1. For region 62-79, name all the residues that are in a helix (DSSP H, G or I) and of a type outside the set (Gly, Ala, Ser).
2. Among Gly89, Gly173, which is modelled with pLDDT of 95 or more, more than 20 Å from Phe214 (Cβ to Cβ) and not in a helix (DSSP H, G or I)?
3. Scan region 304-333 for residues that are without any contact (Cβ under 8 Å) to a residue 24 or more places away in the chain and open to solvent by 60 Å² or more (accessible area, probe 1.4 Å) and jot them down.
4. Return the residue satisfying two criteria in turn: it lies in region 231-274 and is of a type in the set (Val, Ile, Thr) and part of a loop (DSSP other than H, G, I, E, B), and of such residues it is least open to solvent (accessible area, probe 1.4 Å).
5. Which one is surrounded by the most Cβ atoms within 10 Å (Cβ to Cβ) among residues in region 58-75 that are farther than 18 Å from Thr100 by Cβ and acidic (Asp, Glu)?
6. Given (1) part of a helix (DSSP H, G or I); (2) among the aromatic types (Phe, Trp, Tyr); (3) touching a strand residue (DSSP E or B) at 6+ places or on another chain (Cβ under 8 Å), identify the lone condition not met by Trp165.
7. Of the conditions (1) open to solvent by 10 Å² or more (accessible area, probe 1.4 Å); (2) within 20 Å of Leu271 (Cβ to Cβ); (3) among the small types (Gly, Ala, Ser), Ser101 fails just one. Which one is it?
8. Going by the structure shown, is Ile82 of a type in the set (A, V, I, L, M), in contact (Cβ under 8 Å) with a residue 40 or more places away in the chain and either buried (at least 21 other Cβ atoms within 10 Å of the Cβ) or assigned to a helix (DSSP H, G or I) (or both)?
Amino acid sequence: MKIKLAFMGFRHGHIFALQQHASQRTDVEIVAACEEHTETRNELIKTGKIKITHDNYQKMLDEANCDAIAVGDYYGRRGAIIIEALKRGKHVISDKPICTSLEEIKQITSLSSRNKLSIGCQLDLRDYPKPIALRNLIKSGRMGEILAITFTGQHPLNYGKRPSWYFEKGCHGGTINDIAIHAIDLIPWLTGHNFRKINACRNWNARLKEIPHFKDGAQLMMELDNDAGILGDVSYFSPDAFSYGLPSYWRFTVWGTNGMAEFSLTTPDLLFYENGKNAPESIKLPEPVTGGYLDSFIKEINGADKSSLSLTTQEVLFSSTTTLIAQHAADHNLCNVTIKSL
């Protein structure tokens, strides 16, 4: 079945990757595009990046013959956009995060289940060769039982270059929800173990003193259902001049009973330090996957078996819920918060 896809919001550049993947597929047709923000809409019309058909979301939903909505508006607006789409019987795929509150994710989960609608998300770390190779290594049993994972996903802040809405109250929704979602999604996929508890989380205003309410520092301590411990830092601390090029950019270190494995998106290898050997092994990397999150979304809508998908609605909702619980814990100084399966 060919999926008719309509886009709502282009306030974050990630959405153009989804647009590009969708435009290259023969089983997807882009039928409409809406941007309500005047300045953004005028810029899109000027550059011709995408044909804008509507300046009002409700009107697009009324008029466009579509099966699914792709969402790229500012973070704080996404929950309402998705909820309205689900109420109207539309599947939804969104840039991350899909929403910014626990109440919104509860509504999204309920509507998705009740109306049998798919939720996709641009969680693309699963598409990179090194995470795929690490997952295969863990599944092979060579690492033994997973004991602990540390990850760093620090980003450059690029204040003055990022869209201004990032720093407006009610628009961003928190650094943990913004960035940590990638790691919180990836770790259960890598290990086969779900998150059980948030031990402690912190976010605070560290560098950006000009915007006191913007908490650019963010750290997490969590645990998996096999007792493995997780430590993460996703602060906006990377020097802007180095952009996303530091070795700490999405670096994952995984400790098992039979060795340690590590990769970074900016370094060449996945290295495995196996117990009993005196030199690390460079693990062979597979080919990257292109637009795996969209491929899974389309296949799920068309009734594919869940085991054949690289990302499912259930996984998107669990990762999003877990991340929002972590953000809530950081915002309210809560410790030892239990995470329940959906």
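1. First, pick out the residues of region 62-79 that are in a helix (DSSP H, G or I): 62-63, 75-79.
The answer is Asp62, Glu63, Tyr75, Arg77, Arg78.
2. Details: Gly173 fails: more than 20 Å from Phe214 (Cβ to Cβ).
Every option except Gly89 fails the conditions.
3. The initial filter retains those residues of region 304-333 that are without any contact (Cβ under 8 Å) to a residue 24 or more places away in the chain, namely 304-309, 312, 332-333.
Residues satisfying the conditions are Asp305, Lys306, Ser307, Ser308, His332, Asn333.
4. In this case the residue turns out to be Val234.
5. Only one residue tops the list, namely Asp67.
6. Every listed condition holds for Trp165 apart from (3).
7. With respect to (1) open to solvent by 10 Å² or more (accessible area, probe 1.4 Å); (2) within 20 Å of Leu271 (Cβ to Cβ); (3) among the small types (Gly, Ala, Ser), Ser101 is out only on (2).
8. Numbers: of a type in the set (A, V, I, L, M): yes; in contact (Cβ under 8 Å) with a residue 40 or more places away in the chain: no; either buried (at least 21 other Cβ atoms within 10 Å of the Cβ) or assigned to a helix (DSSP H, G or I) (or both): yes.
No; evaluated as a whole, the condition is false for this residue.
The values are calculated or read from the model by the stated rules, or taken from the named source; none is laboratory data. Small disclaimer: the values here were computed from a predicted structure and weren't measured. Cβ atoms come from the backbone with ideal geometry, glycine included; neighbour counts cover every protein chain shown. Accessible surface is based on the protein model in full, side chains and every heavy atom, while ligands, DNA and RNA are left aside. Shrake-Rupley method; radii C 1.70, N 1.55, O 1.52, S 1.80 Å.
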